[in-house]
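Colleague: Sharing a structure here in structure tokens format.
The values are calculated or read from the model by the stated rules, or taken from the named source; none is laboratory data. As the structure is a computational prediction, the values presented were derived from the model and not from experiment. Positions of Cβ are generated from backbone atoms using ideal geometry, with glycine treated the same way; all protein chains shown enter the neighbour counts. When the accessible area is computed, the model is the full protein with side chains, heavy atoms only, and any ligands, DNA or RNA have been set aside. Shrake-Rupley method; radii C 1.70, N 1.55, O 1.52, S 1.80 Å.
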Amino acid sequence: MEDFLSPQSEYNEEEEERKYYRRKRLGVIKNVLAASVGAMILYSVYMGLLQMQLILHYDTTYREVKYSNLGLEDIDHKMLMGINVTPIIGLLYTPILIRFLGTKWMMFLASGIYALFVSTNYWERYYTLVPSAVAIGVAIVPFWASLGNYITRMAQQYYEYVNYKEEHVQEQKKLPKGACHNYIIVFQSIFHIIFHLSFVFAEFPMILVLNGYLREKDHILWNVKHCGATVSGIIPGINTTVLTNLPSSMLLIKVESVLMGFAFLTMIIFLVLCGAAYRPTEEIDLRSIGWGTIFQLPFKHLRDYRLRLLCPFFIYSGFETLFAVTGFSLSYGVCVLGLKKLWLLVFVYGLSCSVFSSLSLSLLRIPRWTCLVGGAVVHFILLVVLLVLSPSPSNTLDKSSVYLVPLLVISVLWGLGTALNKTGVSTLLGMLYAEEKERLDFVFTIYHWWQAIAIFVVYLWSRLPMRVCDFVSARKQPFDPLLKGKVKGYRYLEEDNSDESDSERSEDNVRDDEEEREEDEERVVEEMEAEGREEEGQDTQSLGGDSPKARQRGARGHRHR
């Protein structure tokens, strides 16, 4: 017993402590990789589904055959409005949600909302798609603010586990200025290298499924008159039938099921593999300042001179990503190369963003403003080139292969600028507020809120002329009460694959029977009137035909009959 209870001569306390903190450091690296992979999978699913959905809903044949006059175009406009407009109020509630739920649980909840959006595509109706899109708009700013906060906190924890013997670490005091900057640079680079692969994987549904159903560019671009810088939004004159034939119902359900599975995988990754960002005592301290103060602090942080100086980069960060995904891809990619080559431009852009995100590691040796200025310079040069390059529509159908290589090069270089901008802004924010862990959620909330404001302005500007035209044309059209009724649509032409409810199907059958009965009655009346006119003509001819008296006698005979 004395031998058992006596101190073990082989036990080395210092060695065990070193092994313990080494496991802690590996746990931090696991958290960073899990958060990066989870965000990458989530946005691969979200962007891939949204792209496929918008292309299918644009096709007139698809809308008429599978949804009748349900109004898919209006639903898509409302859905995009919910995604792009709702985030502008994110500054009001994001810090409260992050402080109340915690950084990890906020990421988990946001991933669940994205999974909800994927699930609504099984039953595409106004009351499913639009509310889920609004929910995504509500979750965008909290999700990205939580991710930025989480990656920066992991860098701080890694520094603490490396320097666990330091007095300020053991007493949980404020970190020395610049102590964890190197870890922030490395972790933010790792996150953006992995996350930007989401643009690559988002094109897999397009490559594997939808590309085989798309028409050639000669058909899609037949009536297009302008390309390049003169085009904004949907290309004027692009054909509204872009599908050769409709994809089968079961194929679409299988694709949505695979995407739904990956969305659930993301939730599991955030829940199981991501550790807590703060210690329990730190979370209590973060909430102890009061919810009213938490609500007010984001507005007070807006007056921070550092954030005001970075505000143009925040806004530009939203502009340039939206231009790459929509403006460049549509006005130059689809308008010149056709819809079948859209995946190639986005694929190359995402791969370029991922590869060039590693350039932010150069901040370990060069000044930290280099990435921001370098990204802005690259994009400025490319914008000038795009203004000069604007191809004429007469050449696009015959010589589209000539433009393929230049557009791919521009896509690669634009990815370079995006990588420098995104990684540079996130890294710089983390470095500026690395020693103030209680302010990180407010800082990243303001960053992504300004991004949302920029995207909202672009969306509003692109939709405003179209809204004015619709309003003017609606005022000029006369009111028709017969068009006021609402007709329910259907999704699948085949009865086995129909997602109509039984009540809807029975109502449609009764309505069809009534319409057929009315048509039969009208046809019988017309036939009787035609026979009466023939008999009248025969009577008048037999009576000597064309005199007024004969016509009067024929009319009286017709009325008698």
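Colleague: Report, in listed order, any pair from LYS66/LYS422; LYS104/LYS422; LYS78/LYS437; LYS104/LYS165 with a Cα-Cα distance greater than 30 Å.
Modeller: Exceeds cut-off: LYS66/LYS422; LYS78/LYS437.
Colleague: Would any residue of region 166-184 have its amide N under 13 Å from a label point 7 Å out along Cα→Cβ of TYR21? List them or say none.
Modeller: 166-172
Colleague: Suppose the chain between PHE262 and PHE319 were pulled fully straight at 0.36 nm per residue; how much longer would it get relative to their current alpha carbon spacing?
Modeller: Here the answer is 17.6 nm.
Colleague: Which one, ALA324, VAL346, LEU214, is farthest towards the positive end of the dipole of region 13-466 when Lys and Arg carry +1 and Asp and Glu -1 on their Cβ?
Modeller: Checked the options; the winner is ALA324.
Colleague: Could you sort the peptides 296-303, 119-126 by per-residue average Cβ neighbour count (10 Å cutoff), highest mean leading? Don't skip to the end; give the middle numbers.
Modeller: On the way: 296-303: 14.2, 119-126: 15.9.
In decreasing order of mean packing, 296-303, 119-126 become 119-126, 296-303.
Colleague: Calculate, for region 13-466, the solvent-accessible area per residue in square angstrom, rolling a 1.4 angstrom probe over the heavy atoms of the protein chains.
Modeller: Per-residue value: 42 Å².
Colleague: Please compute one quarter of the surface area of the Cα convex hull for region 13-466 and express it in square nanometres.
Modeller: 22.4
Colleague: Can you give me the Cα centroid spacing of region 96-150 and region 329-368 in angstrom?
Modeller: 26
Colleague: Leaving ligands and nucleic acids out of the surface, order VAL384, VAL118 by accessible area at 1.4 Å, largest first.
Modeller: I get VAL384, VAL118, largest accessible area first.
Colleague: Using packing as a proxy for protection, rank 316-325, 193-202, 16-25, 240-249 so that the peptide with the highest average count of other Cβ atoms within 10 Å comes first.
Modeller: The densest-packed peptide leads the list: 193-202, 316-325, 240-249, 16-25.
Colleague: Taking amide H atoms as placed 1.01 Å from N in the peptide plane, list the residues 5 or more away in sequence, or in a different chain, whose amide H sits under 5 Å from that of LEU214.
Modeller: It is THR244, by chain and number.
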